[in-house]
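The values are calculated or read from the model by the stated rules, or taken from the named source; none is laboratory data. These numbers come from a predicted model, not from an experiment. Neighbour counts run over all protein chains shown; Cβ positions are idealised from the backbone, glycine included.
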Amino acid sequence: MDAFLLSQYVLSGLVIGVIYSLMALGITFIYGIMKMINWAMGEFYMIGSYVQYALLATVLGPGRWWIALPLTMGAVFVLGLVTQRVLLRPMYVRGIERRDEYATIVTIALMVLFRNLAVVLGGPNQYAPRDYARPTTLLTLPISGNRFVALIATLALLALFYLLVKRTWIGTAFRGAAQNRVGIQTAGVDVLRLDMLAFGVGVALAAAAGALLAPDFLVYPEGGAISTFKGFEIIVIGGLGSILGSVVGGVLLGLIEALGSVFFSAAYKDLYGFVFLIGLLVIRPTGLFGERERTV
Amino acid sequence: MRRHRWLASAVAVLTAIAGVGLVAPALAQNPVKIGVLTPLSPPGDAAAGQFIVRGAKMAADDVNARGGVLGGRKIELVVEDDSGTPEKGVAGFRKLASQDRAVAVIGQFHSSVMGAVQDLAEQFKIPVFSTQASAKGITERHLAYTFRTHVIDPDRVTIWNRWIKQQGFKRVAVLAENTDYGVGVVEDTKKLFKTMDVAAELKTVMFDRAVVDLTPQLLEIKSWKPDLLINVGVGTPVYLILKQASDVALFPATPMLVSYDLPARPEFWKNLGEKGTYVTFITYYHPTMKLTPRGEAFRTKYREQFKEDPVYGALNGYAQITLLADALNAARSEAGESLVKALLASKFEGWNGTISFTRGEGPYWQQWTPPMLFMQYTRPEQVFTEAKIIFPPELKTGDLLMAPKK
């Protein structure tokens, strides 16, 4: 085995794994607080890529991606707040019996709506913002400047998210809600408002992934499909609801796909992650960092 | 009594005559509907579908301006989106056949969709035309209602094998999507490498059409050190391969051939920037080509309307509608069986030559093939009209230019 090639595959897998973990983090964070799966996560990723492209192509100019990125996240955060307030909050306040089914139907309907809206508003064609940076080399791997920027920005966002959750009052409230939604209400926290914020933060993370990967993976209505797919794969590996699991799961998935590509064939890259996932679920059904549900 | 009978008969005859008089103009006004079933949204190659629709609409306008078909009836196009997926294609075809009563369907772009709808065409007895679907199996099945005015994949592979031999490439890698088109092209390449005595080594790598990160596949190919990479993606994957091959420093150091005419489209440079420089691609039309009077009139009008040169999809969409109009007039009927007979018996003016359909052997069944050219962009933002033809030798205006070594 060529060590040089092996190192290239591993680095490539790690880079993409870290970036996909941003998406997984958004899914798992929303699940952790609201106890629902947002099936339209890929569409928020796609909207993030469209908003980023639109800002760069019309208002900011092609070089100012670093200004566009927080603006995109902010715009999608607001969209998330509105979506949660109008479409998802009713299932918590009206005592809907089958909450999971309600959330599944609403978010799948959103997925279809957003995809079709993208076709109507942006047309069916692909778009691509200009490259964020010149191509570079990461140790042995020649890498696009865009992906390098995406890696650094993802690490920065993960650090910010960690600080938000661990060091702030709102973070403490989020952690409390993740542990016990009823308990935190007895402490006087408005859990419905917390849900809204959690949904906004979760979809903003997906939008950041979409905006960062837009020059490499292009902007088009179905652009979010594969990242959703990876995101769900990662959270099942890492353990649903575990923030650490989503980061470790992302890195692990990238690594497994890379090693599978080296030792077998790159043509079946997406298969290796699934084989690992199935094996893991047999041994540890809760994923690497997931916990068994405890009810009283 | 007898007088009453006579009166009743006279009234009936007069009523019938009056009825025919009233109904006949109404019938004459009934439009003849032709379906355009083509990809207009992802995951299909939506840009391709848009060009086909442009050409078809301009053709319908031309035919209607000349007095229509079948003694003055207008052609009405019914456009349906197949999204490049067989299931949507089948649903769209069913709607065109049963609800819209289309007399023929054009616009097929993706081979997997064409493969799914051609059985329905037999069932409903409606001719279906491949506008840019090239899998050989489409016409190899010898179905009565399937027609094609586009290249067949073995011919595509034959011409790139000739080019590989001429250029003396020694290691050729093919990166292909796992669709009917991609799989068919890979099989044909393997087969024809042997029969055509191509001396080069061949490596083929498949990928899922939905995948967006092709870095592992491209790294595998790069480590194999090819001297030519053939890009067999359709739509978005073509761009992804080009971008990511450039990112891992595989292209343009290694020349890349795109298997169809996507780089001829105006949005190519917008999506790729300078990463598109030095790409070679197969096309079926060049602006310097001499066209038929019908093709020339279309090209002039297209340039006036869209302020750009037409691409092949638009030309072929135009040609298929005009030849269907001619076939309807020749058949003097919109019935499927009569239309097929007329299509087989007549010769039609296409965009660059005369189109005729014969029932040949293998995939050459009800098939007409346009010319194929290899073109190369040699500088960023180069307009299609200025790109050089590098193959075949009898048409070439320049040689393959290698990217300078960095």
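Residue count for segment A:38-64 satisfying the condition of being closer than 23 Å to A:LEU113 by Cα, out of contact with any Ser or Thr (no Cβ under 7 Å at 6 or more places or on another chain) and not hydroxyl-bearing (Ser, Thr, Tyr): 5.
Report yes if B:GLU140 is of a type in the set (Asp, Glu), outside the structural domain of B:MET196 (by TED's automatic domain parsing), over 18 Å from B:GLY336 (Cα atoms) and surrounded by fewer than 20 Cβ atoms within 10 Å (Cβ to Cβ), otherwise no. Answer is yes for this residue.
Within segment B:304-339, the residues that satisfy the criterion of being farther than 26 Å from B:TYR284 by Cα and in a helix (DSSP H, G or I) are B:LEU328, B:ASN329, B:ALA330, B:ALA331, B:GLY336, B:GLU337, B:SER338, B:LEU339. Taking the criterion of being of a type in the set (Asp, Glu) and touching a strand residue (DSSP E or B) at 6+ places or on another chain (Cβ under 8 Å), the residues of segment B:332-361 that qualify are B:GLU334, B:GLU349. Among the residues making up segment A:118-155, those that are more than 19 Å from A:SER12 (Cα to Cα) and among the small types (Gly, Ala, Ser) are A:ALA118, A:GLY122, A:GLY123, A:ALA128. Applying the condition of being β-branched (Val, Ile, Thr) and within 11 Å of chain B (Cβ to nearest Cβ) to segment A:1-29 and asking which residue is surrounded by the fewest Cβ atoms within 10 Å (Cβ to Cβ) yields A:VAL10. Here is the figure for segment A:167-216: residues that are small (Gly, Ala, Ser) and modelled with pLDDT under 90 total 4. Across segment B:376-406, which residue is farthest from the chain's Cα centre (by Cα) among those that are more than 15 Å from B:GLN167 (Cβ to Cβ) and surrounded by 15 or more Cβ atoms within 10 Å (Cβ to Cβ)? The selected residue is B:THR378.
Of the set (1) within 14 Å of chain A (Cβ to nearest Cβ); (2) in contact with a Lys or Arg (Cβ under 7 Å, 6 or more places away or on another chain), all apply to B:ASN271 but (2). When residues in segment B:193-209 are screened for being assigned to a loop (DSSP other than H, G, I, E, B) and either of a type outside the set (Lys, Arg) or touching a Leu at 6+ places or on another chain (Cβ under 6 Å) (or both), 6 of them pass.
Would you call B:VAL212 at the interface with chain A (Cβ under 9 Å from one of its Cβ atoms), of a type in the set (Val, Ile, Thr) and part of a strand (DSSP E or B)?
no
Filtered by the rule that a residue be without any contact (Cβ under 8 Å) to a residue 40 or more places away in the chain, closer than 21 Å to A:VAL10 by Cα and not hydrophobic (A, V, I, L, M, F, W, C), segment B:219-269 gives B:GLU220, B:LYS222, B:SER223, B:LYS243, B:GLN244, B:SER246, B:ASP247.
Each row is one residue, and each column tells you yes or no for (1) touching a strand residue (DSSP E or B) at 6+ places or on another chain (Cβ under 6 Å); (2) among the hydrophobic types (A, V, I, L, M, F, W, C); (3) within 16 Å of A:LYS35 (Cβ to Cβ).
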{"residue": "A:THR83", "(1), (2), (3)": "no, no, no"}
{"residue": "A:PRO90", "(1), (2), (3)": "no, no, yes"}
{"residue": "A:GLU97", "(1), (2), (3)": "no, no, yes"}
{"residue": "A:TYR102", "(1), (2), (3)": "no, no, yes"}
{"residue": "A:ALA109", "(1), (2), (3)": "no, yes, no"}
{"residue": "A:LEU113", "(1), (2), (3)": "no, yes, no"}
{"residue": "A:ALA118", "(1), (2), (3)": "no, yes, no"}
{"residue": "A:GLY123", "(1), (2), (3)": "no, no, no"}
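When you look at B:LYS190, is it part of a helix (DSSP H, G or I), at pLDDT 95 or above, more than 24 Å from the chain's Cα centre (by Cα) and not hydroxyl-bearing (Ser, Thr, Tyr), yes or no? So B:LYS190 fits the description; yes. All conditions but one from (1) surrounded by 13 or more Cβ atoms within 10 Å (Cβ to Cβ); (2) at the interface with chain B (Cβ under 10 Å from one of its Cβ atoms) apply to A:ASN116; the one that does not is (1). When segment B:235-266 is filtered for residues that are of a type in the set (Gly, Ala, Ser) and either assigned to a loop (DSSP other than H, G, I, E, B) or away from chain A (no Cβ under 12 Å) (or both), the ones remaining, listed by number, are B:GLY235, B:ALA249, B:ALA253, B:SER259, B:ALA264. Count of segment A:185-218 residues, restricted to those that are surrounded by fewer than 24 Cβ atoms within 10 Å (Cβ to Cβ) and among the small types (Gly, Ala, Ser), is 3.
From the list B:THR189, B:THR195, the one residue that fits, being more than 11 Å from chain A (Cβ to nearest Cβ) and either buried (at least 21 other Cβ atoms within 10 Å of the Cβ) or of a type in the set (D, E, K, R) (or both), is B:THR189.
Within segment A:24-53, the set of residues being polar (S, T, N, Q) and closer than 19 Å to A:MET196 by Cβ comprises A:THR28, A:ASN38.
Step by step: first the residues of segment A:119-150, then only those that are hydrophobic (A, V, I, L, M, F, W, C) and at the interface with chain B (Cβ under 9 Å from one of its Cβ atoms), then the one that is surrounded by the fewest Cβ atoms within 10 Å (Cβ to Cβ). Which residue is that?
Taking segment A:119-150 first, the residues hydrophobic (A, V, I, L, M, F, W, C) are A:119-121, A:128, A:133, A:138-139, A:141, A:143, A:148-150.
From what is left, the residues that are at the interface with chain B (Cβ under 9 Å from one of its Cβ atoms) are A:119, A:128, A:141, A:143.
Values: A:VAL119: 19, A:ALA128: 23, A:LEU141: 22, A:ILE143: 23.
It comes out as A:VAL119.
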